[in-house]
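For reference, the structure is listed below as structure tokens.
The values are calculated or read from the model by the stated rules, or taken from the named source; none is laboratory data. Note that the structure is predicted; figures quoted are calculated from it, not measured. Here the Cβ is made from the backbone with ideal geometry for all residues, glycine too, and neighbour counts use every protein chain on show.
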Amino acid sequence: MKDIILCLDQSGSMGTSVIYSGIFGSVLASIPAVSTRMVVFDTAVVDLTDDLQDPVDLLFGVQLGGGTDIAQALTYCQGIVTRPQDTVLVLVTDLYEGGDPREMRKRFASLVDSGVQLIVLPALNDDGAPSYDKNHAEFLASIGVPTFACTPDKFPDLMAAALSKQDIGMWVSQNIKMS
């Protein structure tokens, strides 16, 4: 069994990505071979795992907010990881940290060092050309974390690749058009 944590930035700039993530979270929760958790955040962190069975409740439970505290969300996610080697953490955020950028980077590195497979999606929408913090994306690349925009039609294949421990960098080069 694999553990999946979907961690979603629900600040105002992430609207479409949050909707798609909610839908995919509900789909993943229906798959018996995986354990799925959903965490949303802006300046607060809310665990919506109990709402995953009902996509309507889930989508209405997501309230797009203002600021962004990625470090706090990562701290929460790290606290719910029980089997790092069998955990895929998908963070959907534009990486514009409103909290402590140094703490955020420490959390990223700590998750990777623990064995969690971390994937960062600056967008999960049809546009494919997100605005995101390029400095933080470069840091993620330097510690081996795939960071790329993903369209909804590619997300199921991405999750299949991640769950089967494929090289996500290779998967991206074969499946995602970089602009």
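Annotations for the structure displayed:
- Looking only at region 115-132, residues that are modelled with pLDDT under 95, touching a helix residue (DSSP H, G or I) at 6+ places or on another chain (Cβ under 9 Å) and in a loop (DSSP other than H, G, I, E, B) come to 7 in all.
- Summed over region 143-161, residues that are touching a Leu at 6+ places or on another chain (Cβ under 7 Å), outside any loop (DSSP other than H, G, I, E, B) and without any contact (Cβ under 8 Å) to a residue 60 or more places away in the chain total 2.
- If you go through region 77-114 and keep only what is in a loop (DSSP other than H, G, I, E, B) and not aromatic (Phe, Trp, Tyr), you end up with 81, 82, 83, 93, 94, 95, 97, 98, 99, 100.
- Residue in region 134-155 that is in contact with a Pro (Cβ under 7 Å, 6 or more places away or on another chain) and modelled with pLDDT under 90 present: yes
- Of residues in region 162-176 being in a helix (DSSP H, G or I) and in contact (Cβ under 8 Å) with a residue 40 or more places away in the chain, the one surrounded by the fewest Cβ atoms within 10 Å (Cβ to Cβ): 163
- For region 1-49, the strands (runs of 3 or more DSSP E) that sit wholly inside it and include 1 or more residues that are surrounded by 23 or more Cβ atoms within 10 Å (Cβ to Cβ) and either modelled with pLDDT of 85 or more or among the hydroxyl-bearing types (Ser, Thr, Tyr) (or both) are 2-9, 34-41.
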